[in-house]
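Reviewing the structure listed below.
The values are calculated or read from the model by the stated rules, or taken from the named source; none is laboratory data. Everything numeric here is computed off the predicted structure, so don't read it as measured data. Quick reminder, even Gly has a Cβ in these numbers, built from the backbone with ideal geometry, and neighbours come from all protein chains shown.
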């Protein structure tokens, strides 16, 4: 383990949900959250979106490790697949994510989510595209630049 100091993720949805980055090194990230009322669905259980967001945070971080924030690459989620295995019985969740393979433009990651009793809650796979932070999410009001969508050809009869 490196000399990484755990810290709260304070920006955007991660901050609203109370996520905490507790371990971060090359190809690896661990993010936790203490569960409370804001994380529940209308039936009173854990909202699946919280689990998906936790996975997205951890798999997002695992592929962009760089101790110097000025050199860190940006990224955007291309694909996220979450398999919900069971309901949490504990008071917190931890998502452990690792890079499976990385190229110049994209990386593939996997993740597991456990509650604090050791119960497996979800497994996941994700794909991310690296983006230039100078021209990506920061400089365009929170959205990565987009290519123009080609015009669709008119549909012809049935």
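Output yes when any residue across segment 54-72 is assigned to a strand (DSSP E or B) and more than 11 Å from the chain's Cα centre (by Cα), and no when none is.
Scanning segment 54-72 turns up no residue that is assigned to a strand (DSSP E or B) and more than 11 Å from the chain's Cα centre (by Cα).
Those residues that are in a loop (DSSP other than H, G, I, E, B) and farther than 14 Å from residue 115 by Cβ, I need them from segment 37-52; list them, please.
So the first thing to find is which residues in segment 37-52 are in a loop (DSSP other than H, G, I, E, B), and the list is 41-45, 47.
Once the filter is applied, which keeps residues that are in a loop (DSSP other than H, G, I, E, B) and farther than 14 Å from residue 115 by Cβ, segment 37-52 yields 41, 42, 43, 44, 47.
Mind checking whether some residue in segment 96-103 is over 26 Å from residue 117 (Cβ atoms) and touching a helix residue (DSSP H, G or I) at 6+ places or on another chain (Cβ under 7 Å)?
Yes: segment 96-103 contains one or more residues that are over 26 Å from residue 117 (Cβ atoms) and touching a helix residue (DSSP H, G or I) at 6+ places or on another chain (Cβ under 7 Å).
Looking only at residues that are under 14 Å from residue 34 (Cβ atoms) and either surrounded by 13 or more Cβ atoms within 10 Å (Cβ to Cβ) or touching a helix residue (DSSP H, G or I) at 6+ places or on another chain (Cβ under 8 Å) (or both) in segment 5-15, which one is modelled with the highest pLDDT?
14
For segment 46-67, name all the residues that are exposed (fewer than 15 other Cβ atoms within 10 Å of the Cβ) and farther than 16 Å from residue 126 by Cβ.
Within segment 46-67, 66, 67 meet the criteria.
For segment 83-113, give me each residue that is buried (at least 20 other Cβ atoms within 10 Å of the Cβ) and farther than 19 Å from residue 25 by Cα.
Across segment 83-113, the qualifying residues are 88, 93.
Looking at segment 17-45 only, could you name the residues that are crowded, with 18+ Cβ neighbours inside 10 Å, in contact with a helix residue (DSSP H, G or I) (Cβ under 8 Å, 6 or more places away or on another chain) and in contact (Cβ under 8 Å) with a residue 60 or more places away in the chain?
Within segment 17-45, 28, 29, 30, 31, 33 qualify.
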